[in-house]
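Take a look at the structure set out below.
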Amino acid sequence: MSEHPRALIRRTVAERLSGWRVPPTDGAPGERWTMAGERVYPSRMGPIDSKEMPVALVYAREEDVDLKSYPDSGRDGTNKRALALSVECVVLAREDVDDVLDAFARQVEAALEWLEVPGLETATIRLTKTDIDVAEVTEGNERLKRPVPIGAVRMLFTVIYRAPWRVIQPECAPPAEIYIGTAPYVGAAHADDYDRVR
């Protein structure tokens with residue numbers, strides 16, 4: 001079975017954020033879309049470690065389906081969906097944390113403004129909300145725990161796309177033979193009482 005459109009969207013966004021904005025040349029290695037560089041993960045469980053920052057996580061939060069968009073009964077087609085996709089950017093918090101987070105957010109917004117998802121070219125990606133926070137996490141082993149201040153900006157994008165309907169084949173194969181029996185005479189001990197119907 002091919003991957004779910006949500007997985008394709010997450011992966012495409014993550015690849016865009018970690019990819020080159022301009023091709024490298026002989027004299028320059030090229031420019032990254034965001035300060036995260038290659039530390040962009042299509043999951044909420046990416047490594048959050050002070051040595052791995054800045055980092056960006058791309059994950060889905062929820063998805064609404066427009067029930068009126070389904071095709072007529074008995075027909076194949078698509079339905080319209082609105083995916084709530086989060087891009088969470090995490091940095092070490094220093095005195096300039098607000099400026100750094102704003103710059104990080106602007107990089108993400110710029111990277112996704114003209115993004116097309118392969119296979120879902122009609123999808124639209126729009127920023128709908130931004131949360132900004134600073135917190136303290138604990139790192140290290142039991143003996144050497146230390147507090148580490150981090151800053152995070154979580155951008156919520158709404159991705160409107162159309163997903164295929166009735167194109168996924170069932171994974172189970174139909175039984176090769178079908179028999180019918182009458183209660184209470186059922187089970188292996190009464191195999192001779194069963195009648196084959198197919």
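If I ask for residues that are touching a Pro at 6+ places or on another chain (Cβ under 8 Å) and of a type in the set (Phe, Trp, Tyr), which ones from region 53-91 would you list?
59
Can you name every residue in region 133-170 that is within 28 Å of residue 121 (Cα to Cα) and at pLDDT below 90? Quick ask: steps written out before the conclusion?
Start the filter on region 133-170 by keeping residues that are within 28 Å of residue 121 (Cα to Cα), which leaves 153-170.
Within region 133-170, 163, 164, 165, 166, 167, 168, 169, 170 qualify.
Residue 73 passes all but one of (1) assigned to a helix (DSSP H, G or I); (2) surrounded by fewer than 15 Cβ atoms within 10 Å (Cβ to Cβ); (3) over 21 Å from the mean Cα position of the chain (by Cα); which number fails?
(1)
Checking residue 122 against (1) surrounded by fewer than 14 Cβ atoms within 10 Å (Cβ to Cβ); (2) touching a residue at least 12 places away in the same chain (Cβ under 8 Å); (3) not in a loop (DSSP other than H, G, I, E, B), only one condition comes out false. Which one?
Unmet for residue 122, out of (1) surrounded by fewer than 14 Cβ atoms within 10 Å (Cβ to Cβ); (2) touching a residue at least 12 places away in the same chain (Cβ under 8 Å); (3) not in a loop (DSSP other than H, G, I, E, B): (3).
Just need a number here: residues in region 81-102 that are under 22 Å from residue 136 (Cβ atoms) and of a type in the set (A, V, I, L, M, F, W, C).
Summing the residues that are under 22 Å from residue 136 (Cβ atoms) and of a type in the set (A, V, I, L, M, F, W, C) in region 81-102 gives 8.
Which is at pLDDT below 95, farther than 23 Å from residue 31 by Cβ and part of a helix (DSSP H, G or I), of 80, 51?
Values: 80 fails: part of a helix (DSSP H, G or I).
Residue meeting the stated conditions: 51.
The values are calculated or read from the model by the stated rules, or taken from the named source; none is laboratory data. Since the model is a prediction, treat every value here as computed from it, not as a measurement. For neighbour counting, all protein chains shown are included, and Cβ atoms are generated from backbone atoms with ideal geometry for every residue, glycine included.
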